[in-house]
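Take a look at the structure below.
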Amino acid sequence: MFAVKRALKLNNKEATLMAKHAGFRRVVFNFGLSLRTQMYSEGKFTDSKVLNEVKKVLTNHVKKTSEFAWMNQLSSRVYQNALIDLKDAFSRYRSGKAGHPKFASRRSGQSFTVDSSNGKVLLVAGSTIKIPTLGSFRLFEPLECGFISQTFTVSKEGNRWFVSFCVDAERLPGGQSEGSVGIDVGIKYAATLSTQQSFDAPKPLKQAKTKLATLQRQASKQVKGSRNQRKTYNKISQLHARVARIRLDFLHKLTTYLAKTFKLIKIENLNVQGMMANHKLAGAISDLGFYEFKRQLDYKCQMYGASLVLVDQWFPSTKTCSNCGTKKDMPLSVRTFDCPTCGISLDRDFNASLNILNWEPSA
């Protein structure tokens, strides 16, 4: 199973329809969260029954109140999936995987999910996609082949709308041409390979910081909630979306190349959250997307038939000589590893990648 995501080519009427459904989802989610919190605090229901009662109360409220009559003009599948999202959010909260659910806002993102209640639908290859309960819409990039799916998520990134869905299919094994490789991720280069290849990341956030600061300062001086302020916030969201697209494009190309080229890939199991605590490096680390790099490489290795090995995060790959094993301190400012024992001199990232390649788990 893998996901497909395509940009929608919408006119003003279609974009307004998408925005209405995103608002519908947000209202239902927030209303359900408010009711759930109130019911649970009053102890009227057990935790397992609260969300079912929320659904009953909310449904009756919508039917009887003219204030929410506009909801009847929109897809009921958005309503159903918003409550499912709320239930899933509390499940993740109880399992410790996430914090307590928060109220959704327009600025935190616009998205909604619809599905076909009649089972999976066939998506024929071409430049048009039929989304259940919403209609047919044009795509910027056509589907290469026919897919079968049931659930569709529509989301807005910047000023563009996207549709994504999962399909039951498997990619053919990549037939990798190379053997093993060790990869060191870093600040100077996004990835340095034990084959002496290095990949320099585009660092889109660093390039956009000045423009972002100007727009944010401009928004802070405008009248709160005014039309001009909303326009400025739209520009900010578009810039953030562009930064994210540049970063993802680079990471997708790099991880796909690695998974399709090497049979065995070794990378450090970095504690990204701990590294982000260093305020001097946090910006560079988030701009490079260390966590996303590991996540993509993990599922793409499974997709293309490669093997991924996570090296112990405490393994001193940077401080160890790849030739003789001598250890020495290596401040970030020192870019070359000069071994005091065997005399070898290597780039610090290349030396680390060789150590990662040669690492073996302890018995």
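The values are calculated or read from the model by the stated rules, or taken from the named source; none is laboratory data. All figures in this text were calculated on a predicted structure; none of them were measured in a lab. A quick note on method: Cβ atoms are made from the backbone with ideal geometry, for glycine too, and the neighbour counts reach across all protein chains shown. Heavy atoms of the whole protein, side chains included, go into the accessibility calculation; ligands, DNA and RNA do not. Shrake-Rupley method; radii C 1.70, N 1.55, O 1.52, S 1.80 Å.
Kindly indicate whether any position in the stretch 194-213 is basic (Lys, Arg), closer than 26 Å to Glu14 by Cβ and either loosely packed, with under 13 Cβ neighbours inside 10 Å or modelled with pLDDT under 90 (or both).
No, that holds for no residue.
Which of (1) more than 22 Å from Ile187 (Cα to Cα); (2) touching a strand residue (DSSP E or B) at 6+ places or on another chain (Cβ under 7 Å); (3) not hydrophobic (A, V, I, L, M, F, W, C) is the odd one out, the single condition Pro340 does not satisfy?
So the condition that Pro340 fails would be (2).
Among the residues of the stretch 318-344 satisfying the criterion of being part of a loop (DSSP other than H, G, I, E, B) and touching a helix residue (DSSP H, G or I) at 6+ places or on another chain (Cβ under 8 Å), which is least open to solvent (accessible area, probe 1.4 Å)?
Cys321
From Pro142, Pro132, grab the single residue that is touching a Gly at 6+ places or on another chain (Cβ under 6 Å), closer than 24 Å to Thr113 by Cβ and either open to solvent by 30 Å² or more (accessible area, probe 1.4 Å) or at pLDDT below 90 (or both).
Pro142 is the lone residue from the list that is touching a Gly at 6+ places or on another chain (Cβ under 6 Å), closer than 24 Å to Thr113 by Cβ and either open to solvent by 30 Å² or more (accessible area, probe 1.4 Å) or at pLDDT below 90 (or both).
If only one of Leu215, Leu205 is assigned to a helix (DSSP H, G or I) and within 21 Å of the chain's Cα centre (by Cα), which one is it?
None of the others qualify; the one that does is Leu205.
For the stretch 218-263: of the residues being more than 22 Å from Gly109 (Cα to Cα) and aromatic (Phe, Trp, Tyr), which is most open to solvent (accessible area, probe 1.4 Å)?
Per the criteria, the residue is Tyr257.
Output yes when any residue across the stretch 113-120 is assigned to a strand (DSSP E or B) and either loosely packed, with under 13 Cβ neighbours inside 10 Å or modelled with pLDDT under 80 (or both), and no when none is.
No, the stretch 113-120 contains no residue that is assigned to a strand (DSSP E or B) and either loosely packed, with under 13 Cβ neighbours inside 10 Å or modelled with pLDDT under 80 (or both).
Suppose the filter is more than 15 Å from Ala191 (Cβ to Cβ) and polar (S, T, N, Q); does Asn323 pass it?
Yes, satisfied.
From the list Leu123, Leu134, Leu143, which residue is in contact with a His (Cβ under 9 Å, 6 or more places away or on another chain) and closer than 26 Å to Thr16 by Cα?
Answer to the selection: Leu134.
Taking Phe152 and the conditions (1) modelled with pLDDT of 80 or more; (2) open to solvent by 20 Å² or more (accessible area, probe 1.4 Å), which numbered condition does it fall short on, given that it satisfies the others?
(2)
Where residues in the stretch 155-193 are at pLDDT 75 or above and out of contact with any strand residue (DSSP E or B) (no Cβ under 8 Å at 6 or more places or on another chain), which of them is surrounded by the fewest Cβ atoms within 10 Å (Cβ to Cβ)?
Checked the stretch 155-193; the qualifying residue surrounded by the fewest Cβ atoms within 10 Å (Cβ to Cβ) is Asn159.
Can you pull out every residue in the stretch 1-25 that is in contact with a strand residue (DSSP E or B) (Cβ under 9 Å, 6 or more places away or on another chain) and within 15 Å of Val114 (Cβ to Cβ)?
Of everything in the stretch 1-25, those that are in contact with a strand residue (DSSP E or B) (Cβ under 9 Å, 6 or more places away or on another chain) and within 15 Å of Val114 (Cβ to Cβ) turn out to be Leu8, Glu14, Leu17, Met18, Ala19, His21, Ala22, Gly23, Phe24, Arg25.
When the residues of the stretch 1-13 are narrowed to those that are more than 20 Å from Asn81 (Cβ to Cβ) and not in a strand (DSSP E or B), which ends up least open to solvent (accessible area, probe 1.4 Å)?
Leu10
Please list, ordered by first then second residue, the pairs with beta carbon atoms under 6 Å, 6 or more apart or interchain, first in the stretch 246-259 and in contact (Cβ under 8 Å) with a residue 40 or more places away in the chain, second polar (S, T, N, Q) and part of a helix (DSSP H, G or I).
Here the result reads Leu251/Gln296; Thr255/Gln296, each pair linking the stretch 246-259 to a residue that is polar (S, T, N, Q) and part of a helix (DSSP H, G or I).
Checking the condition touching a residue at least 24 places away in the same chain (Cβ under 8 Å), out of contact with any His (no Cβ under 9 Å at 6 or more places or on another chain) and of a type in the set (Ser, Thr, Tyr), which residue from Ser226, Ser180 passes?
Residue meeting the stated conditions: Ser180.
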